[in-house]
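Below: one structure, written as structure tokens.
The values are calculated or read from the model by the stated rules, or taken from the named source; none is laboratory data. Everything numeric here is computed off the predicted structure, so don't read it as measured data. No Cβ is skipped: glycine too gets one built from the backbone with ideal geometry, and neighbour counts run over all protein chains shown. Surface accessibility is based on the protein's heavy atoms, side chains included, excluding ligands, DNA and RNA. Shrake-Rupley method; radii C 1.70, N 1.55, O 1.52, S 1.80 Å.
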Amino acid sequence: MKDLKQSGRMAMTAMKNFIFHSNFNIKNGGHKMSTTSSLASKRIESLLDENSFVEIGALVTARATDFNLKQTETPSDGVVTGYGVINGALVYVYSQDASVMNGSVGEMHAKKIANLYDLAMKTGAPVIGLIDSAGLRLQEATDALNAFGEIYLKQTLASGVIPQITAIFGSCGGGLALIPTLTDFTFMESKKAKLFVNSPNALDGNNISKCDSSAADFQSKESGIVDVVAEEAAIYDKIRDLVSMIPGNNSGETLFQECTDDLNRVCADLANCVGDTSIALSTIADNNVFFEVKENYAKNMVTGFIKLNGTTIGCVANRTEVYNAEGEVADKFDAVLSADGCEKAADFIQFCDAFEIPVLSLTNVKGYEATMCSEKRIAKAVAKLTYAFANATVPKVNVIIGKAFGSAYVAMNSKAVGADITIAWPDAEIGSMDASLAAKIMYDGQGADVIKEKAAEYAALQTSAAGAAKRGYVDQIIEAADTRKYVIGAFEMLITKREDRPSKKHGTV
């Protein structure tokens with residue numbers, strides 16, 4: 001197999017030196033086909049750089065003949081496939097055509113998508129799927145089932161090698177629902193898109209008027225499958241933004257853009273952003289740009305991408321407040337780890353590690369969510385988060401911005417589980433638990449004055465940032481306003497990081 005770094009660079013050079021034109025006609029026996037005729041093609045044109053799309057397999061049609069399929073026209077077998085560029089970067093795209101047998105997946109439909117994956121793997125470029133399909137093509141039965149399996153296999157082989165993105169504009173149900181969940185990022189149109197394994201009316205005790213479990217609102221807030229919900233026109237812009245943030249493959253070649261922001265910019269109000277860390281990340285980012293993923297799910301944990309000195313950084317942060325567009329507090333949370341938040345963060349860290357994207361964490365956590373529902377999953381979820389941080393070999397920087405108590409803090413990218421650099425703000429509290437609670441336990445029954453005195457002593461010795469720094473658990477104590485320049489400096493220092501791990505096929509957590 002060709003080296004992805006070399007082949008990806010060659011592909012990029014070729015794409016930049018040649019402008020593709022998609023509005024040509026392909027003639028076969030007098031039949032003229034155009035890539036500009038269908039909604040599926042128009043979606044591709046809306047996504048890619050102007051006139052950059054080249055269609056592959058335009059003449060493919062269904063081979064099956066059962067149930068009068070021979071008499072049914074299946075142009076492109078219901079899926080438009082090809083390649084083009086987004087901001088000059090090579091991408092492969094397939095777009096399902098609901099006007100052809102409702103976009104259903106059959107043998108040749110799947111082979112076109114599988115072929116696209118083969119090309120993407122050879123050249124080291126992302127695959128973007130635009131979904132609008134009735135699902136399995138019943139007329140092709142086992143051929144269609146096998147077709148699903150072929151797509152699943154290609155997605156599995158591509159996972160961690162090239163980024164995979166899906167955007168759902170129409171129906172995506174049954175076995176087709178596995179396709180977006182096997183990809184790295186899923187976008188969903190806010191009103192018309194439907195994502196489900198079982199339709200809402202097929203769920204025991206439910207109907208669509210009671211809870212539309214196939215809607216974007218449910219899938220983004222409750223299941224956490226969907227990363228971004230927006231209107232169709234906005235989805236194209238957001239996918240373009242994401243592609244500009246992430247590398248084309250796992251070659252390790254850093255995705256870099258020239259930084260036009262001041263590297264030493266002082267972030268004067270950053271200390272006020274301890275609660276809403278999405279604002280904190282926007283504040284320290286180059287030009288204040290933060291691309292948040294899974295914004296509507298597990299809001300007490302923030303995940304997304306920023307650039308620092310032009311380099312993409314993956315960010316994970318605890319959050320206790322959510323501010324709305326009017327600057328008012330819309331939601332509040334305890335400074336604790338939840339099962340949903342841990343799983344959300346763990347998945348994101350694994351993506352970053354697979355694609356050599358450094359990870360920044362902002363820590364403000366004092367324990368675990370304590371509910372009966374949470375207790376069923378919290379131990380396993382925190383284990384997944386701990387494993388993700390500890391297993392990642394990319395540069396890792398942790399900034400403690402508030403509380404950092406107990407094993408919840410240890411799981412949040414502490415130095416003990418592999419953070420390369422740990423930075424703390426002056427008022428950060430780091431220790432086994434809150435000083436007042438520790439004093440009550442240690443001096444139980446000795447009166448309020450004694451407990452108050454011992455709590456102050458415990459805070460100075462055992463929970464202060466300075467105390468942790470004296471023991472080597474914190475590398476630097478900085479003013480909040482200087483966070484941007486110190487974090488940039490840390491990642492610049494870590495740019496050549498290499499870390500050997502025990503030889504194994506893969507972990508099992």
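Of all the residues that make up segment 341-400, how many are over 20 Å from the mean Cα position of the chain (by Cα) and surrounded by fewer than 18 Cβ atoms within 10 Å (Cβ to Cβ)?
Within segment 341-400, residues that are over 20 Å from the mean Cα position of the chain (by Cα) and surrounded by fewer than 18 Cβ atoms within 10 Å (Cβ to Cβ) number 11.
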* Quick check: anything in segment 143-154 without any contact (Cβ under 8 Å) to a residue 24 or more places away in the chain, over 22 Å from Glu292 (Cβ atoms) and among the charged types (D, E, K, R)? -> no
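I'd like to check which helices (runs of 4 or more DSSP H) are fully inside segment 370-424 and have at least 1 residues that are touching a Leu at 6+ places or on another chain (Cβ under 9 Å), in contact (Cβ under 8 Å) with a residue 40 or more places away in the chain and under 28 Å from Ser503 (Cα atoms). Explain how you work it out, then say what you get.
Details: elements: 372-375, 378-391, 406-411.
Fully inside segment 370-424 and qualifying: 378-391, 406-411.
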* Identify the residue in segment 291-313 that is without any contact (Cβ under 8 Å) to a residue 60 or more places away in the chain and small (Gly, Ala, Ser) and, among all such residues, is surrounded by the most Cβ atoms within 10 Å (Cβ to Cβ). => Gly304
* Can you name every residue in segment 425-444 that is modelled with pLDDT of 75 or more and surrounded by 16 or more Cβ atoms within 10 Å (Cβ to Cβ)? -> Trp425, Ala428, Glu429, Ile430, Gly431
* To do: Can you tell me which residue among Ile113, Ile179, Ile151, Ile165 is outside any helix (DSSP H, G or I), surrounded by 16 or more Cβ atoms within 10 Å (Cβ to Cβ) and not basic (Lys, Arg)?
  => Ile165
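Among the listed residues Ile235, Ile279, Ile284, which satisfies the condition of being surrounded by 17 or more Cβ atoms within 10 Å (Cβ to Cβ) and either of a type in the set (Phe, Trp, Tyr) or under 26 Å from Glu45 (Cα atoms) (or both)?
Numbers: Ile279 fails: either of a type in the set (Phe, Trp, Tyr) or under 26 Å from Glu45 (Cα atoms) (or both); Ile284 fails: either of a type in the set (Phe, Trp, Tyr) or under 26 Å from Glu45 (Cα atoms) (or both).
One residue alone meets the criteria, Ile235.
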* Name the pairs: first residue in segment 98-126 and in contact (Cβ under 8 Å) with a residue 40 or more places away in the chain, second residue assigned to a helix (DSSP H, G or I) and among the β-branched types (Val, Ile, Thr), Cβ to Cβ under 7 Å, at least 6 apart or on different chains? -> Ala110/Ile151; Ile113/Ile151; Ala114/Ile151; Pro126/Val243
* Every residue from segment 330-340 that is open to solvent by 20 Å² or more (accessible area, probe 1.4 Å), in a strand (DSSP E or B) and closer than 25 Å to Met372 by Cβ -> Asp331, Lys332, Val336
* To do: Output the number of residues of segment 478-509 satisfying the condition of being open to solvent by 20 Å² or more (accessible area, probe 1.4 Å), more than 16 Å from Phe389 (Cα to Cα) and small (Gly, Ala, Ser).
  => 3
* **Residue match in segment 131-144 (condition: open to solvent by 10 Å² or more (accessible area, probe 1.4 Å), under 20 Å from Ile56 (Cβ atoms) and assigned to a helix (DSSP H, G or I))** => no
